[in-house]
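First the structure, which I've put down as structure tokens, then a few questions once you've had a look.
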Amino acid sequence: MFQNIYPVFEPKRLLKKEMLENLRDFPRSLFGFQYQNYSDGILYGCDITGTETGLILLPGILCYKGVPYFLERPYPVSCKAEGKVAYVKVHFWDKTIGSGGEEYLSQIIVDEQEPDAEQELELRTEEFMQQQFQILIMMKRLQL
């Protein structure tokens with residue numbers, strides 16, 4: 001049966017656990033329904049720009065094994081363009097359970113090893129990174 005339960009908070013009434021659970025679960029359920037048929041990968045954003053010292057991964061959303069991962073702020077990654085094959089990838093750690101709830105964490109890595117499909121997801125390839133660095137070099141030359 002379809003339903004929509006929205007808690008009403010009123011003065012001098014008890015705050016029930018179910019009321020808070022409803023507020024917590026609604027956005028996650030809506031997100032899950034919207035992306036339930038998507039495969040692992042980038043759902044939104046996660047663009048990469050080049051800088052003099054490396055790359056900046058821009059905010060976005062990834063899906064990995066049915067779990068959404070959010071990058072809320074730009075994330076700098078140190079690396080050099082060396083003409084070698086390198087992978088920009090995300091390593092996913094096992095779920096941890098603490099006193100505040102479940103945590104799904106990841107780490108951004110740039111290295112020469114192909115992504116391990118069991119724990120990693122590739123974001124961009126060396127070709128993309130080389131293009132970004134070439135654009136940066138051209139921009140610097142134009143400023144001279």
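Suppose we filter the range 95-110 for residues that are part of a strand (DSSP E or B), surrounded by 10 or more Cβ atoms within 10 Å (Cβ to Cβ) and not small (G, A, S); how many remain?
Summing the residues that are part of a strand (DSSP E or B), surrounded by 10 or more Cβ atoms within 10 Å (Cβ to Cβ) and not small (G, A, S) in the range 95-110 gives 6.
What are the residue pairs meeting all of these: first residue in the range 31-52, first residue over 18 Å from P76 (Cα atoms), second residue among the charged types (D, E, K, R) and part of a loop (DSSP other than H, G, I, E, B), Cβ atoms under 7 Å, and 6 or more apart or on different chains?
Listed by first residue and then by second, the contacts come to D40/K65.
May I pose another question? From L30, L20, L43, which residue is assigned to a helix (DSSP H, G or I) and either within 30 Å of I108 (Cβ to Cβ) or modelled with pLDDT under 85 (or both)?
L30
Under the condition of being under 12 Å from L123 (Cβ atoms) and part of a strand (DSSP E or B), which residue from the range 82-94 is nearest to the chain's Cα centre (by Cα)?
Here the answer is V90.
Also, quick follow-up: Quick one: in the range 88-119, of everything that is out of contact with any strand residue (DSSP E or B) (no Cβ under 6 Å at 6 or more places or on another chain) and of a type in the set (S, T, N, Q), which residue is farthest from P68 (Cα to Cα)?
Once the filter is applied, the top-ranked residue is Q113.
The values are calculated or read from the model by the stated rules, or taken from the named source; none is laboratory data. Only a predicted model underlies this, so the values are computations on that prediction, with no experimental measurement involved. Here Cβ is always computed from backbone atoms with ideal geometry, including for glycine, and neighbour counts include all displayed protein chains.
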